[in-house]
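Heads up, the thing below is written out as structure tokens.
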Amino acid sequence: MERETRYEAQNVLIGSFTLESGETLHEVELAYEHVGPEDAPVILVCHALTGNQYTIGDSEPGWWKGLIGKDGYIDTSEFQVITFNVLGGCNGSTGPLSINPVTRERYKADFPFVSVRDMVHSQKKALEVLGIDHLHAVIGGSLGGMQVLEWGALYPDGMEHLIPLAVTPSLNTYGIAYNAISRFAITNDPDWKDGYYDPHHQPTSGLATARMIGMISYRTDEMFQKKFGRAATETSEENHKEAKYEVESYLHYQGNKLVSRFDANSYLYLLRAMDTHDISKGRGNLTSIIKNIKASILAIGFKGDLIYPPEDLEKLFAQAHSSPFYLINTKFGHDGFLVEFDKWGPLIKEQVTLTKNIEGVK
């Protein structure tokens, strides 16, 4: 008899929460999506920079719909899957858009800086409120992968499996450089107003530019060349604003698309969390940190990833752990963890179900 699969998307209140910086937020809430049978093992999914809690989605497909779902590589008829919108986000969790319970006005730029460790600690507290005290697995890519590594370091007894994707122990200089340009674009938009802009009139030009910059770092030159080449648009206009080439049109589209769903301040806060994260901070050398992780680990990197070089992830576990590392051959670079699930989804399925001898994935 097939177990009933529930779907819920709502908020959980975790009360007052003290950040790594020492500052305390009050009346904190995290928005979440929760799918799967009530008696099934729980898998926590951690989202990336512009992701959200809608991993699977309901009325619209979620951002990992091809990986997770009924009969998916992570099967929601066999597992419960829960995803939180990160602290500092803009999809329902406490962040710059939220009302400060002390001032009764939006935090905006008065919101304190948050760290990746803050995100993980807040998720742990939210899980406890929801009555979940142990996880079968924690999985995520990019900023989500940073959270996965922190889960293993902060709560080594809290899960059976860790699956970090497209991530490194800390963001490399190249990644920080891209983030610096994105930050510059937003903070120099006249509408940014030092972060105290009207949420309905945010710095759209700066945020769109930041997204365009990000898209270049997420994909490989080979991918851009294959997809666009030097194909021209159909515009007959000859000016500096019109997109003359298809690649320009694509970047404009991606920038405008993000503006319609994301908050510029949240973007800045999450960029800072990525920049400052270092799993070794205050803990000593990487070898000892990884050896202290008790969960079974499956690490996956993606060929051509510019901001989280896969060789750094491989080295992290090779020097201290017998955990397997897989390099996925892809033209998508960093964005490989969001596509081509047939290439690496079987690895995930094998890890979480402990099945053996999956063919064609080595």
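Test of understanding: express the Cα radius of gyration of the range 15-137 as a ratio to 2.2 N^0.38 Å, with N the residue count. Please report the intermediate quantities before stating the final value.
Values: Rg = 15.2 Å, N = 123, 2.2 N^0.38 = 13.7 Å.
Output field value: 1.11.
Computed on the chain, with alpha-carbon pairs under 8 angstrom and 6+ residues apart, the relative contact order is 17 percent. Whole-Hz Karplus values for the range 15-26 come out as x, 6, 9, 8, 7, 4, 6, x, 6, 10, 9, 10 Hz, taken residue by residue from phi with 6.51 cos²θ - 1.76 cosθ + 1.60 and θ = phi - 60°; glycine and proline positions read x. Extension gain for the segment residue 39 to residue 187, taken as residue separation times 0.36 nm less the Cα-Cα distance, is 48.6 nm to one decimal.
Using a simple spin-label model with pseudo-atoms 7 Å out from Cα toward Cβ, residue 133 and residue 272 lie 3.7 nm apart.
Residue by residue, the range 171-177 carries 3J(HN,Hα) couplings of 6, 6, 4, 4, x, 4, 4 Hz when phi is fed to the Karplus relation 6.51 cos²θ - 1.76 cosθ + 1.60 (θ = phi - 60°); x denotes Gly or Pro. Working note: Karplus 6.51/-1.76/1.60 with θ = phi - 60° gives the range 103-119 the couplings 8, 6, 10, 4, 4, 6, 6, 7, 5, x, 5, 10, 10, 4, 5, 4, 4 Hz, where Gly and Pro are set to x. Centre-to-centre, using Cα atoms only, the range 272-336 and the range 123-139 are separated by 23 Å. The convex hull built on the alpha-carbon positions of the chain has an orientation-averaged projected area of 19.3 nm². Are any of the pairs 124/303; 125/331; 291/343; 124/281; 241/331; 125/303 more than 27 Å apart by Cα-Cα distance, and if so, which? Cα-Cα > 27 Å for 124/303; 125/331; 291/343; 241/331; 125/303; rest within. If the chain linking residue 256 and residue 18 were pulled fully straight, counting 0.36 nm for each residue of separation and taking away their Cα-Cα distance, it would gain 82.2 nm. Other residues whose C-beta falls under 12 angstrom from the C-beta of residue 286 contribute a net charge of +2, scoring Lys and Arg +1 and Asp and Glu -1. Working from Cα pairs under 8 Å separated by at least six residues, relative contact order for the range 61-198 is 14 percent.
When +1 charges are put on Lys and Arg Cβ atoms and -1 charges on Asp and Glu Cβ atoms, the dipole computed for the range 175-274 relative to its Cα centre reaches about 380 debye.
Calculate the tail of P(r) for the range 106-214: the fraction of all Cα-Cα distances greater than 20 Å, expressed in %.
For the range 106-214, the fraction of Cα-Cα distances above 20 Å is 56 percent.
Model label sites at residue 245 and residue 71, defined 7 Å from Cα along the beta-carbon direction, differ in position by 4.3 nm.
When the helices in the chain are scored as -39500 (n - 2.57) per DSSP H run of 4 or longer and the sum is shared across all residues, what 222 nm value do you end up with, to the nearest 500 deg cm²/dmol? Don't skip to the end; give the middle numbers.
Numbers: 10 runs with 118 residues, N = 362.
For the chain, the value works out to -10000 deg cm²/dmol.
Across the range 175-274, C-alpha contacts under 8 Å between residues 6 or more apart give a mean separation that, scaled by the residue count, equals a relative contact order of 30 percent.
Mind checking the full-extension length gain between residue 200 and residue 103? Use 0.36 nm per residue of separation minus the Cα-Cα distance, one decimal, nm. Show your work: numbers first, answer last.
Details: separation 97, 0.36 × 97 = 34.92 nm, distance 2.02 nm.
This chain segment gains 32.9 nm when fully extended.
Kindly put 260, 182, 98, 21 in sequence by how many other C-beta atoms sit within 10 Å of each C-beta, fewest to most. Kindly include the intermediate steps, with their values, before the conclusion.
On the way: 260 8, 182 23, 98 20, 21 11.
Fewest-to-most Cβ neighbours within 10 Å comes out as 260, 21, 98, 182.
Give me log10 I(q)/I(0) at q = 0.10 Å⁻¹ for the range 175-274, Debye formula, one equal scatterer per alpha-carbon, no solvent. Those come out to -0.31, one per q. Along each principal axis, taking the top coordinate minus the bottom one, the Cα set of the range 219-262 gives 31, 28, 14 Å in descending order.
None of the figures in this text is laboratory data; all of them are computed from the coordinates on show. Remember, predicted model here, so these are calculated numbers, not experimental data. We place every Cβ from the backbone using ideal geometry, glycine too, and count neighbours over all the protein chains shown.
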